[in-house]
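K.L.:
Have a look at this one before I ask anything.
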């Protein structure tokens, strides 16, 4: 039974929630999956997993530098296994920016990354102004003003297309099956 490690870097819990949905779908398909935040010890024990997927949220317009540092120090291992990357960002709420080829954050990330995962996804996050820290709340509101998004401070919207998340999980499962061979 292939075992996949889902590593995430998030701020407010939504990236972990996406990992949980991916995990549930992989398990439903007969695989196994563990979830680890970027700083957890499981993320340092990559050798025992058959596939590795990294998910990272955008905060104030960028992925955390720790994500790229993690990748740089483990590039050879990541290249040796079926692997994937997904980004969680509110720009992906727009149909013209919700694919890896059209999402500016994913394109910028992959241009800087020495690792090129076999599978790349992008998912819109959720917008919950009341959950954000004071500065984040106002920065995100400013960005929403510029991009035509919701700005009312009591807005709470989940823009994530959960069917696309489950499809991404099925693609991850297919990668592990391909790697195992007949």
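Every read-out reported here was derived from the displayed coordinates using simple, explicitly stated rules and does not represent laboratory data. Note that this is a predicted model, so its numbers are computed, not measured. Cβ placement follows ideal geometry from the backbone for every residue including glycine, while neighbour counts extend to all protein chains displayed.
K.L.:
Which ranges mark the strands (runs of 3 or more DSSP E) fully within region 118-177 that have 3 or more residues being buried (at least 19 other Cβ atoms within 10 Å of the Cβ)?
P.N.:
Because the criterion is at least 3 residues that are buried (at least 19 other Cβ atoms within 10 Å of the Cβ), the strands (runs of 3 or more DSSP E) in region 118-177 that meet it are 119-123.
K.L.:
Residue 66 versus (1) loosely packed, with under 13 Cβ neighbours inside 10 Å; (2) more than 15 Å from the chain's Cα centre (by Cα): which is the lone unmet condition?
P.N.:
Of everything listed in (1) loosely packed, with under 13 Cβ neighbours inside 10 Å; (2) more than 15 Å from the chain's Cα centre (by Cα), residue 66 misses just condition (2).
K.L.:
Which numbered condition trips up residue 20, out of (1) farther than 24 Å from residue 131 by Cα; (2) in a helix (DSSP H, G or I)?
P.N.:
Every condition holds for residue 20 apart from (1).
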